Amino acid sequence: MPLLNSYRVIYSSFFIALIGAIYPLPLFLNAFRPDWIVLVIFYWVLALPHRVSITHAFVLGLLLDLLLGSTLGTHALIFSLLAYFVSIGYQRIRYFTMVQTTLLVGLFILFTKFALYWLASSLQDIVLHKHYFWSIFTSMLVWPWFFFFMRYIRQRFKVS
Amino acid sequence: MIAFSVVLFLADSQFNLFASSRIYLNSLVSPIQYVADAPQKFFRTISENLLTRQALKDRNMQLEKDNLFLKADRLLLTQLQNENKQLRELLHSQRNFSAKRMITEVMSLRSDPFTHQLLIDKGAVDGVYLGQPVINEQGVVGQVSQVGSTTSRVLLIVDASHGIPVRVQRNDIVAIVHGSGAWNKLNLPFVQSNADLKEGDLLVTSGLGGRFPAGYPVAKISRFDYQEGALYAEVTATPVALLDRSRYLLLLWNDHQYTESESALDLESEDASAE
């Protein structure tokens with residue numbers, strides 16, 4: 001059952017990403033936490049756009065909303081948009097070099113952060129800390145290793 | 001799909017449609033929360049178990065001493081409580097202290113970066129309800145903002161959307177403390193510039209909102225400043241509870257036994273806070 005097997009691998013990666021997103025870290029490291037969910041969505045939509053699409057991104061975003069206690073739909077909206085843009089251009093992005101995709105990841109996360117900030121500030125007045133944007137750099141730093149690791153996983157378990 | 005999430009976003013933020021279903025939705029994700037919390041809990045247990053005999057003995061001694069002092073204080077407290085009750089009976093104004101409380105542990109997981117929340121390991125199964133007051137041994141921490149079946153979220157008093165009615169312990173001036181969004185700063189808007197407040201005054205809950213029981217310490221005034229001719233002073237305070245490093249919290253059960261006579265007595269102050 002190759003289909004079931006693929007989804008098993010994909011869903012376990014989602015689960016691990018969700019845990020990584022809320023895993024307790026010391027306060028000073030918290031700001032450097034990479035955006036695992038964005039990376040996971042980005043990778044799977046890029047690799048298997050026929051398997052993982054906007055619906056998955058939406059559900060992941062909804063789960064993250066529940067986990068973080070934010071207003072329902074904020075992350076869901078942004079992740080679906082993200083998945084949409086990646087699924088439009090996946091054929092082009094696949095031919096990018098590693099440096100280019102890394103920059104693209106950074107850009108995407110920057111947009112995500114801005115959109116999250118904008119949505120949250122439309123509801124209540126909030127204080128923006130400088131280190132809110134630091135996770136963009138850690139995510140970009142992590143992305144190449146993450147990409148190779150996920151590709152290894154994908155080939156190892158023959159996810160297609 | 002995008003339209004759907006916009007609808008969802010609006011429905012939750014503007015109309016609060018998911019208030020009742022949140023409990024099920026939160027229970028849905030609580031396994032993930034428990035899994036993510038497990039490693040830290042495990043290490044904590046190990047570090048608790050790995051103590052030298054001497055350290056344990058010292059600690060035990062210290063606790064015994066503390067216990068003795070607290071018990072001695074309590075002797076007096078019972079006396080005072082009775083006296084207070086008698087006096088209140090003479091004034092025909094009963095006040096009931098909520099007796100039920102429960103210790104809860106903080107699950108130190110990441111929360112939404114724009115709000116100040118804590119996740120605790122008690123939920124609807126344990127009788128936690130929405131808006132329940134939460135304190136620790138130092139003072140008021142916040143109130144329950146979301147309930148799941150086994151976990152809940154506590155909105156801290158420093159969150160920008162949180163307000164709590166207080167009075168100054170020294171002279172019973174009432175005010176409302178708003179969170180500022182920073183970890184150690186609270187604002188007191190609408191305090192008249194000629195009000196008798198000074199730095200270091202302790203603010204305690206006034207019980208006026210009916211949500212927090214009266215008398216628990218909330219914050220200390222850190223700055224009192226006013227412009228010449230301005231109507232209101234600029235007042236900021238710091239919370240007395242160490243919000244970012246508390247591990248055990250106490251849930252209080254408020255019985256809503258707020259009798260008529262008491263609210264009549266406080267009518268004057270309520271007028272003041274209504275502005």
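Scan A:P24, A:P34 and give me the residue that is under 12 Å from the mean Cα position of the chain (by Cα), outside any helix (DSSP H, G or I) and of a type outside the set (F, W, Y).
A:P34
Among the residues that make up the stretch A:97-104, is at least one of them out of contact with any Asp or Glu (no Cβ under 7 Å at 6 or more places or on another chain), more than 26 Å from B:L118 (Cα to Cα), assigned to a loop (DSSP other than H, G, I, E, B) and more than 10 Å from chain B (Cβ to nearest Cβ)? Quick ask: steps written out before the conclusion?
Residues of the stretch A:97-104 out of contact with any Asp or Glu (no Cβ under 7 Å at 6 or more places or on another chain): A:97-104.
Next, from what is left, pick out any that are more than 26 Å from B:L118 (Cα to Cα): A:97-104.
Next, from what is left, pick out any that are assigned to a loop (DSSP other than H, G, I, E, B): A:97.
Filter again for more than 10 Å from chain B (Cβ to nearest Cβ), leaving A:97.
Within the stretch A:97-104, one or more residues are out of contact with any Asp or Glu (no Cβ under 7 Å at 6 or more places or on another chain), more than 26 Å from B:L118 (Cα to Cα), assigned to a loop (DSSP other than H, G, I, E, B) and more than 10 Å from chain B (Cβ to nearest Cβ).
Quick check on A:T101: is it more than 30 Å from B:A182 (Cβ to Cβ) and in contact with a helix residue (DSSP H, G or I) (Cβ under 7 Å, 6 or more places away or on another chain)?
yes
May I ask you to list the residues in the stretch A:48-83 that are more than 7 Å from chain B (Cβ to nearest Cβ) and over 23 Å from B:Q33 (Cα atoms)? First the steps, then the outcome.
Filtering the stretch A:48-83 for residues more than 7 Å from chain B (Cβ to nearest Cβ) gives A:48-53, A:56-57, A:59-62, A:64-65, A:75, A:78-79, A:82-83.
Across the stretch A:48-83, the qualifying residues are A:L48, A:P49, A:H50, A:R51, A:V52, A:S53, A:L82, A:A83.
Only residues that are more than 9 Å from every other protein chain (Cβ to nearest Cβ) and either of a type in the set (S, T, Y) or assigned to a loop (DSSP other than H, G, I, E, B) (or both): list them for the stretch A:84-96, please.
Within the stretch A:84-96, A:S87, A:Y90, A:R94, A:Y95, A:F96 qualify.
Can you go through B:L197, B:L203, B:L208 and tell me which one is modelled with pLDDT of 90 or more, away from chain A (no Cβ under 14 Å) and either buried (at least 19 other Cβ atoms within 10 Å of the Cβ) or in a strand (DSSP E or B) (or both)?
Of B:L197, B:L203, B:L208, the one residue that is modelled with pLDDT of 90 or more, away from chain A (no Cβ under 14 Å) and either buried (at least 19 other Cβ atoms within 10 Å of the Cβ) or in a strand (DSSP E or B) (or both) is B:L203.
Name the residue, out of B:V166, B:V141, B:V128, B:V134, that is closer than 24 Å to B:A214 by Cβ, of a type in the set (V, I, T) and part of a loop (DSSP other than H, G, I, E, B).
Of B:V166, B:V141, B:V128, B:V134, the one residue that is closer than 24 Å to B:A214 by Cβ, of a type in the set (V, I, T) and part of a loop (DSSP other than H, G, I, E, B) is B:V128.
Name every residue in the stretch A:37-55 that is assigned to a helix (DSSP H, G or I) and either small (G, A, S) or within 20 Å of A:I93 (Cα to Cα) (or both), in order of residue number.
Listed by number, the residues that qualify are A:I37, A:V38, A:L39, A:V40, A:I41, A:F42, A:Y43, A:W44, A:V45, A:L46, A:A47, A:I54.
For A:I109, indicate whether it is assigned to a helix (DSSP H, G or I), aliphatic (A, V, I, L, M), touching a residue at least 40 places away in the same chain (Cβ under 8 Å) and surrounded by fewer than 17 Cβ atoms within 10 Å (Cβ to Cβ).
no
Return the residue satisfying two criteria in turn: it lies in the stretch A:125-140 and is among the aliphatic types (A, V, I, L, M) and free of Cβ contacts under 8 Å to residues at least 12 places away in the same chain, and of such residues it is nearest to A:I41 (Cα to Cα).
Ranking the candidates gives A:L128 first.
Tally the residues that are exposed (fewer than 15 other Cβ atoms within 10 Å of the Cβ) and modelled with pLDDT under 80, restricting the search to the stretch A:128-144.
4
Which residue pairs have Cβ atoms closer than 8 Å, lie 6 or more positions apart in sequence or on different chains, and pair a first residue in the stretch A:29-42 that is within 12 Å of chain B (Cβ to nearest Cβ) and under 12 Å from A:V86 (Cα atoms) with a second residue that is part of a helix (DSSP H, G or I) and hydrophobic (A, V, I, L, M, F, W, C)?
Filtered contacts from the stretch A:29-42: no entries.
Under 22 Å from B:D37 (Cα atoms) and surrounded by 14 or more Cβ atoms within 10 Å (Cβ to Cβ): does that describe A:V45?
Against the criterion (under 22 Å from B:D37 (Cα atoms) and surrounded by 14 or more Cβ atoms within 10 Å (Cβ to Cβ)), A:V45 does not qualify.
Looking only at the stretch A:70-106, count every residue that is of a type in the set (G, A, S) and surrounded by 21 or more Cβ atoms within 10 Å (Cβ to Cβ) and tell me the total.
Residues of the stretch A:70-106 of a type in the set (G, A, S): A:70, A:73, A:76, A:80, A:83, A:87, A:89, A:106.
Cutting the leftovers down to surrounded by 21 or more Cβ atoms within 10 Å (Cβ to Cβ) gives us A:70, A:73, A:76, A:80, A:83.
Going through the stretch A:70-106 one residue at a time, the tally reaches 5.
Please state which one of A:S87, A:S13 is at pLDDT 85 or above and within 21 Å of B:V29 (Cα to Cα).
Answer to the selection: A:S13.
Could you please let me know if B:V134 is within 13 Å of another protein chain (Cβ to nearest Cβ) and at pLDDT 90 or above?
Values: within 13 Å of another protein chain (Cβ to nearest Cβ): no; at pLDDT 90 or above: yes.
So B:V134 fails the test.
Check off (1) hydrophobic (A, V, I, L, M, F, W, C); (2) touching a helix residue (DSSP H, G or I) at 6+ places or on another chain (Cβ under 6 Å); (3) within 14 Å of another protein chain (Cβ to nearest Cβ) for A:W118 and give me the number that stays unchecked.
(2)
Tally time: how many residues in the stretch B:216-256 are touching a residue at least 40 places away in the same chain (Cβ under 8 Å) and either under 14 Å from the mean Cα position of the chain (by Cα) or closer than 30 Å to A:P26 by Cβ (or both)?
22
Check whether at least one residue in the stretch B:230-240 is surrounded by 13 or more Cβ atoms within 10 Å (Cβ to Cβ), modelled with pLDDT under 90, in contact with a His (Cβ under 9 Å, 6 or more places away or on another chain) and not in a loop (DSSP other than H, G, I, E, B), and report yes or no.
Checking the stretch B:230-240: not a single residue is surrounded by 13 or more Cβ atoms within 10 Å (Cβ to Cβ), modelled with pLDDT under 90, in contact with a His (Cβ under 9 Å, 6 or more places away or on another chain) and not in a loop (DSSP other than H, G, I, E, B).
Go through the residues of the stretch B:173-181 one by one and say whether even a single one is within 12 Å of chain A (Cβ to nearest Cβ) and either among the aromatic types (F, W, Y) or closer than 24 Å to B:L25 by Cα (or both).
Looking for residues that are within 12 Å of chain A (Cβ to nearest Cβ) and either among the aromatic types (F, W, Y) or closer than 24 Å to B:L25 by Cα (or both), one finds none in the stretch B:173-181, hence no.
The values are calculated or read from the model by the stated rules, or taken from the named source; none is laboratory data. Just so we're clear, the structure is a prediction, and the values are computed from it rather than from any experiment. Cβ atoms come from the backbone with ideal geometry, glycine included; neighbour counts cover every protein chain shown.
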